[in-house]
Each structure stands twice: as structure tokens, then as C-alpha cells.
1. Please compare each pair in Lys56/Lys185; Lys63/Lys94; Lys69/Lys106; Lys69/Lys94; Lys69/Lys108; Lys46/Lys89 to a cut-off of 18 Å on the Cα-Cα distance and tell me which ones are over it.
2. How much FRET efficiency would the formula 1/(1 + (r/R0)^6) give for Ser170 and Gln206, where r is the Cβ-Cβ distance and R0 is 22 Å, rounded to 0.05?
3. With a Förster radius of 25 Å, plug the Cβ-Cβ distance of Ser90 and Thr215 into 1/(1 + (r/R0)^6) and report the FRET value to the nearest 0.05.
4. If you add up the charges near Lys71, with Lys and Arg at +1 and Asp and Glu at -1, over every other residue whose beta carbon is less than 10 angstrom from its beta carbon, what do you get?
5. Which FRET efficiency value, to the nearest 0.05, is calculated for Ala184 and Ser112 with the Förster distance at 51 angstrom and r the Cβ-Cβ distance?
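Where a number appears in this text, it was derived from the coordinates with a stated rule and is not lab data. Computed from a predicted structure; not experimentally measured. Quick reminder, even Gly has a Cβ in these numbers, built from the backbone with ideal geometry, and neighbours come from all protein chains shown.
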Amino acid sequence: MKKYITTLLLVLSILGGITLQPSVNANAAGTTKTVVYSNFSQCKPKISVISQSGNKVKLCISKVKGATKYKVYRANSQNGTYKCVGSTKSNTFKDTVTGNKKCYYKVKACMSNKKTKILSKSSDVVTATLPTQNQTTTKATANTETNTAKQNTTTQNSTGAVSTSQDAQSYANEVLKLVNQERAKVGLGALTTNATLQKAANKRAQEIVTSFSHTRPDGRSSFSVLDEYNISYRAAGENIAYGQKTPSAVMNAWMNSSGHRANILGSQFGKVGIGVYKANNGLYYWTQVFTN
């Protein structure tokens, strides 16, 4: 299964192959014709927000077999006027937004050549909420960074120590408990975890000691760790932090940042791996890696 990311990153489900059968004629001009294919016209690409950081929004678009590009539309309200803000030949799209704290997106798949242009239905609408300033930079003792599906986040604070791997696992279990308490408050289902996802999260916890960002030390996206551990997903997100001494402290920091909170309370997620690592500098490094 192909994998599409969520850092604040849109996440789309993958559509299977589509057999195209023509059902509508070309236009009168004859030089450029628009043909609607019965199956293709009924498909609805899926779109999700991978990340929202500063004034940047990154979207993920489900792959539609035969599509040559995807047209992305944005509006300032869910029922507002959607204007095309660009197109992409890949399954991701980056948009720069000015003046709006919340934007609404939808996408159409296109198949085109010199004489034919085919459009799918519009996807369902997704919402991107841009982080406020204090989500990217706060006081020197509490630095926060968000990069979602995705949905990636970071926080720093004071020092502490996890002495053994058993302690780290205990702390990870406590963070999971606190996450699910917060989700229960808003009527969301509990997240689960597994050993493989925990390994991926622990690896990221070690990596952010070297590169405290959603880019890995080798320059790849944080979500590439999921590929390394053969974790299939359609939605993914990451929160990272360092310096908090306890699970409650790091959860308090995350829940008080809208970007981090959005990952924790993301309805698109069903699983989370939680990494806890004590570096030689005596600081805790924390990660949450979310998947659908």
C-alpha cells in the first residue's frame, strides 16, 4: 500500500484502479475536447492536511489511477467560493496562505493530453487551521514547532531523567493514558499502540537529540521512519518535545498549543507510538507518532 503523510501534513486514502469508459462527447470546437468517463466522473479523490506551520499548509491527495495532475481549490469558509490555487502532479501540494487562520480545501483529479481533458468529482472539504505565532516560537524555555500530516510538533522546557528503558516504557504508557483521557473528554475513541509503532517513535526520540525538528538527521521527512518499519498508513502525524520531566508536563505543553492539540485530538488517527529518551545532556526527548 502506498503511504501518504500527515506533519500540521492532508492525508488521503488510496483509491484502487479505475477503468475509464467514455460516456460524453467532445465540445463543438473540436480542438480541445472534454470527455467525462462514467467511472472516473464518479470517483472522489480524498484529501487531508499533512502539516500546518506558519502560513504554510501541506496537503496529501489520494492517488487516482490514470490522473495526470490534481487541481487544488481553496475557500475562506466551508460554503464559500472555492478558487483554484494551483495543481500538482504528485500526491502532495503546498499552499502559502496570507491573512486567514482557517482555510478550506478540496481537490479534483485530472486526466489530460493534447485533445482530451477529464475531471473527477470534487473531493470532500478538509479544513486547515493555521497555528498562531506561539505555536512556532515561544519563550526560550518553551520552544514549540508544528508540522502536521501532517501534524508534527515540538516543545522544550526543563531538565529531568529517565534512568532505564523500563522507566521510559512506564512514561510512554502514562502519556498514552493521558492522551486517551483528553480524547474521551471530546467524545473521541481511544488510540492504541503496538510494538512496531513504539520502535519507530523511540527512534525518532533519539534522532531529535541531533536534529530537533520534523526533518531527520539525514534530511528526510520524519514520516520516512514509518517506511523503515514497514508501517502502512494513510494518515500520519508527529509531535515532538524535549525538557519536560514527566508525562503530565509534556502533555500539558502539547495540549496548550493548538497545533499539538490538533494531533492529539485528530479524529483521523487510531494509533500512536510514544517515544521517550534521556540524552547524555540529561534532558528528556519525547515523541508521538500518529497513524490511522
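1. Among Lys56/Lys185; Lys63/Lys94; Lys69/Lys106; Lys69/Lys94; Lys69/Lys108; Lys46/Lys89, the Cα-Cα distance tops 18 Å for Lys56/Lys185.
2. 0.75
3. 0.85
4. +3
5. 0.60
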